1. Ratio to report: Rg/Rh of the stretch 1-56, with Cα atoms as the point set and Rh obtained by the Kirkwood method; give two decimals.
2. For the stretch 63-176, what value does the Rg/Rh ratio take when both radii are computed over Cα atoms and Rh is the Kirkwood radius, given to two decimals?
3. How much mean residue ellipticity at 222 nm does the chain get from its helices, if each DSSP H run of length 4 or more adds -39500 (n - 2.57) and you divide by all residues, to the nearest 500 deg cm²/dmol?
4. Would you mind telling me the antiparallel percentage of the DSSP bridges in the chain, rounded to 5?
5. Sticking with the crude label model, points 7 Å out along Cα→Cβ, report the distance from LYS76 to THR132 in nm, one decimal please.
6. Taking the alpha-carbon set of the stretch 99-140, what are its Rg and Dmax in Å?
7. Which of LEU128, PHE25, GLN47 sits farthest toward the positive end of the charge dipole of the stretch 1-151, with +1 on the Cβ of Lys and Arg and -1 on the Cβ of Asp and Glu?
8. Ranking request for peptides 41-53, 118-130: highest mean number of other beta-carbon atoms within 10 Å first, then the rest in descending order.
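Values quoted throughout were computed directly from the atomic coordinates according to the rules given, and no laboratory measurement underlies them. Computed from a predicted structure; not experimentally measured. Glycine also receives a Cβ, built like all others from the backbone with ideal geometry; neighbour counts cover every protein chain displayed.
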Amino acid sequence: TVLDMSHPDILYRPEEEFPLARQQFLRLYLDPAAESLSLQKPPMARQGAYQSDDGVSRLRFTYTFRQETEVVGYIKLHAFVSADSARDMDLYAKVQKMDADGHYVFSDGIEMQYGGPNAMLRVSLRELDPETSTDSEPRQRFDHPVLLHPGEIVPIDLAFWPTGLKFHPGETLELSIAGFDYLGLHPAMDQVLDGC
């Protein structure tokens, strides 16, 4: 199934393998200054920041498609992170689809509105397992915490749940990174959760 959200989904498409042998990996570079994901590496290293404990602040990056594209399989975030005054940090990342008018679109689920895959990592548990990790699927060991020194910059690899999303020309993929569980729920679901 490839979710098209705001268009008919592609259901029950038979495939011979997963991940798809015909997939082409696309590397997009984070540009915090432009809030974009770019095919070109920014000319200089740029830094983005957010307040990790306010429940609102997040980094946002977007990429607008020029042609019909299916994002099927694994998504990975590779970044360099630091915490100014903490020995550890939690990272929450989410990929969402926006229509050509810039509105988030969702697929109706039984309990929630699904907007796209997410990923999370406690940075002290960032060490990868070299035996089970691949370039597209980083897997942490989770058995050897390495705390941060305040201001220390460390690389992280964050694996998202596998997905199947279709984008049409003018539609946008948004990557959000925050220090809290940013679900990006449909506004109606936000009201339900506020009442819990």
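1. 1.16
2. Working: Rg = 16.3 Å, Rh = 15.7 Å.
Here the Rg-to-Rh quotient is 1.04.
3. Numbers: 1 runs with 8 residues, N = 196.
For the chain, the value works out to -1000 deg cm²/dmol.
4. On the way: 38 of 40 bridges.
Expressed as a percentage, antiparallel bridges in the chain total about 95.
5. Going by the 7 Å Cα→Cβ label model, 1.6 nm.
6. For the stretch 99-140, the Cα radius of gyration and maximum Cα-Cα distance read 16.1, 44 Å.
7. GLN47
8. On the way: 41-53: 11.4, 118-130: 15.8.
The peptides rank, most packed first, as 118-130, 41-53.
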